[in-house]
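Trainee: Provided herewith is a single structure, encoded as structure tokens, for subsequent inquiry.
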Amino acid sequence: MPLNIAEIRQKAEAGSCVHQCVLGLCYLYGTDVDLDYKEAFRWLSAAAAQGASRAVLNLGYMYAQGLGIPQNVPEAVRLFTAVARPSNSSDAFAARIELGRIFSQGLGILADPNAGLKWYSAAIALATDEEDSEDLKEARAYMSPDKVGDTFGKISVWVFRGAGTVQITHERQAPARKLGSL
């Protein structure tokens, strides 16, 4: 069933944070409207200014990928971090996964495997034992002790889960490098 874009737009223009966010997402993903990053940025920025974490998260995607705006990974990291820090945010898991990706792979910034490990670990801490999404599999794979080359030495990560705390320790070896490579 298609969305009533005219009604959503009317409520967004009247200042409804929820409708600003929904309209921004419609433009960002081309849902029942033509894809329009300029309009997506406009409406998501309006909703983010009112504190909508979903809008902040999606602005982070836009900055990270340069969708309709100049790519600005440090700004994306700032936005993702703002959403990732409060664990009670429904968008914290997605923000932590994005931060894990950015830092572990060095997407637009210098790779920081320790920060990648920290954010993937924090994402895992929010998941339930029954969850098995592709994002969660990605985070668990990064935490796997047999993963080669991303993190060197011994790393301890403290995972806070409910009333308990679990320490995860990995021993990693430096990856082999070809002579002459950076």
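The values are calculated or read from the model by the stated rules, or taken from the named source; none is laboratory data. In this text the structure is predicted, and so the values were computed from the model without any measurement. Reconstructed Cβ throughout: ideal geometry from the backbone, glycine too, with neighbour counts over all protein chains shown.
Trainee: Can you tell me which of (1) polar (S, T, N, Q); (2) within 29 Å of Leu136 (Cβ to Cβ); (3) modelled with pLDDT of 95 or more is the one Gln20 doesn't meet?
Mentor: (2) is the only condition that Gln20 fails.
Trainee: Examine the range 34-46 for a residue that is under 25 Å from Leu110 (Cα atoms) and among the aromatic types (Phe, Trp, Tyr), and state whether such a residue exists.
Mentor: Narrowing the range 34-46 to residues under 25 Å from Leu110 (Cα atoms): none.
The answer is no, given that none of the residues of the range 34-46 is under 25 Å from Leu110 (Cα atoms) and among the aromatic types (Phe, Trp, Tyr).
Trainee: Among the residues of the range 79-94, how many are part of a helix (DSSP H, G or I) and free of Cβ contacts under 8 Å to residues at least 40 places away in the same chain? Outline the logic, then answer.
Mentor: Step one: list which residues in the range 79-94 are part of a helix (DSSP H, G or I), which gives 79-84, 92-94.
Add one more test, that the residue is free of Cβ contacts under 8 Å to residues at least 40 places away in the same chain, and what stays is 79-84, 92.
Of the residues in that region, 7 qualify.
Yes/no matrix, rows are residues, columns are (1) without any contact (Cβ under 8 Å) to a residue 12 or more places away in the chain; (2) farther than 18 Å from Ala84 by Cα:
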{"site": "Lys11", "(1), (2)": "yes, yes"}
{"site": "Ala14", "(1), (2)": "yes, yes"}
{"site": "Cys17", "(1), (2)": "no, yes"}
{"site": "Thr31", "(1), (2)": "no, yes"}
{"site": "Glu39", "(1), (2)": "no, yes"}
{"site": "Ala52", "(1), (2)": "no, no"}
{"site": "Ala55", "(1), (2)": "no, no"}
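Trainee: Of everything in the range 66-78 that's surrounded by fewer than 15 Cβ atoms within 10 Å (Cβ to Cβ) and outside any loop (DSSP other than H, G, I, E, B), which residue is farthest from the chain's Cα centre (by Cα)?
Mentor: First, pick out the residues of the range 66-78 that are surrounded by fewer than 15 Cβ atoms within 10 Å (Cβ to Cβ): 66, 70-71, 74, 78.
Now restrict to residues that are outside any loop (DSSP other than H, G, I, E, B): 74, 78.
On the way: Pro74: 13, Arg78: 11 Å.
Within the range 66-78, the match that is farthest from the chain's Cα centre (by Cα) is Pro74.
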